[in-house]
Amino acid sequence: MIDPKNVDYRRNVDPAITEEFWLYSFLVAGKTSSTIAPRLDGMLMDLPKRAELKLRYNPFARISILFRDDIFTYDEAVQYLKEWGFGQQKRTLRFFKQTLELYTSKRGSGIEYYPVEYWSIKEIESIYGVGLKTSRFFLMNTRDNVRVAAIDTHIIKYLKHKNVISEDVPLVTPTNKSTYEAYERLFIELADKKNMNIRDFDQQIWNHYSSNPKTEYKEAC
């Protein structure tokens, strides 16, 4: 199961964990991580039982059971996700379907599976429901030295503290791509000035604000 308190999988060598973290990265957006992680784990354990199959732990193979006509109709798959407590079930099914399509997209060239750890950011963002923050959250926590940032509340607080964006900016992830990318560049520049890995710098700031939400991040001055 994904550990919501430690999502640094950059040193992970198990493809199954990377697959599960990919699914988690989508499902956790805007949700409570301590709730989503066990729900995802439970569903992945249950799906082979529904199909009466003994499968090795391969999350993508397991979610593919949702698209087997002899196991689930579309409406039954929607209801199944609802029973596991996942919202926006049709959106989630579409995300699962496109994930599997990308995973098997190289078969025409003789490659049976295209592992998620090799997907480009463009390919990742082509999947339905995957936004700028989700793509970057996944990449930052699974690959070393990627030049991206997951802009969230704690990052915006920090950028305000450093006086590089206006105090009037809302404490929410920008939905406008150009605005998001502008904030991302500012944060990466600040990390570079401190000679810090972007992901580690993000974690340091998150740790501070999660414990001291109303206190400025003085250590970063």
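The values are calculated or read from the model by the stated rules, or taken from the named source; none is laboratory data. From a predicted model like this one, the values you see are computed outputs, not experimental measurements. No Cβ is skipped: glycine too gets one built from the backbone with ideal geometry, and neighbour counts run over all protein chains shown. Note: accessible area is taken over every heavy atom of the protein model, side chains too, but ligands, DNA and RNA are not part of it. Shrake-Rupley method; radii C 1.70, N 1.55, O 1.52, S 1.80 Å.
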How large is log10 I(q)/I(0) at q = 0.10, 0.11, 0.13, 0.16 Å⁻¹ when the Debye formula is applied to the Cα atoms of the chain, each weighted equally and without solvent? -0.50, -0.60, -0.81, -1.13
Per DSSP helix of 4 or more residues, -39500 (n - 2.57); summed, then divided by the residues of the chain. What does that give at 222 nm, rounded to the nearest 500? -16500 deg cm²/dmol
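Just the number, please: carbon plus sulfur as a percent of the accessible area of the chain, 1.4 Å probe, no ligands or DNA/RNA counted.
Values: 5850 of 11940 Å².
Reported share for carbon and sulfur atoms: 49 percent.
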Leaving out ligands and nucleic acids, and using a 1.4 Å probe, what accessible area per residue does the chain come to in Å²? 54 Å²
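Is the shape of region 140-188 rounded, prolate or oblate, going by the alpha carbon gyration tensor and its root eigenvalues a ≥ b ≥ c, with a/c under 1.5 for rounded and a/b larger than b/c for prolate? Don't skip to the answer; put the middle values down first.
Values: a/c = 2.00, a/b = 1.68, b/c = 1.19.
It is prolate, given that a/c is not under 1.5 and a/b is the larger ratio.
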If packing is taken as the average number of other Cβ atoms within 10 Å across a peptide's residues, how do 91-99, 73-81, 173-181 rank, most packed first? 91-99, 73-81, 173-181
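Work through the residues other than residue 40 whose Cβ is under 15 Å from its Cβ and net out their charges, Lys, Arg +1 and Asp, Glu -1.
Working: positive: 31, 39, 62, 82; negative: 3, 19, 20, 41, 46, 83.
Net charge around residue 40: -2.
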Would you mind checking the tilt of helix 89-103 against the longest principal axis of the Cα atoms of the chain, expressed as 0 to 90 degrees and rounded to 10? 80 degrees
For the chain, longest principal axis from Cα atoms; helix 132-142 axis from its Cα atoms; angle between them, nearest 10 degrees, is 80 degrees
Helix 198-211 axis, angle to the chain major axis (alpha carbon atoms, nearest 10°): 80 degrees
Principal axes of region 101-204: Cα extent on each, largest first, Å: 52, 28, 17
Take the chain, connect every pair of alpha-carbon atoms lying under 10 Å apart with a spring to form a Gaussian network, then pick out the residue of 42, 110, 87 with the largest mean-square fluctuation. 110
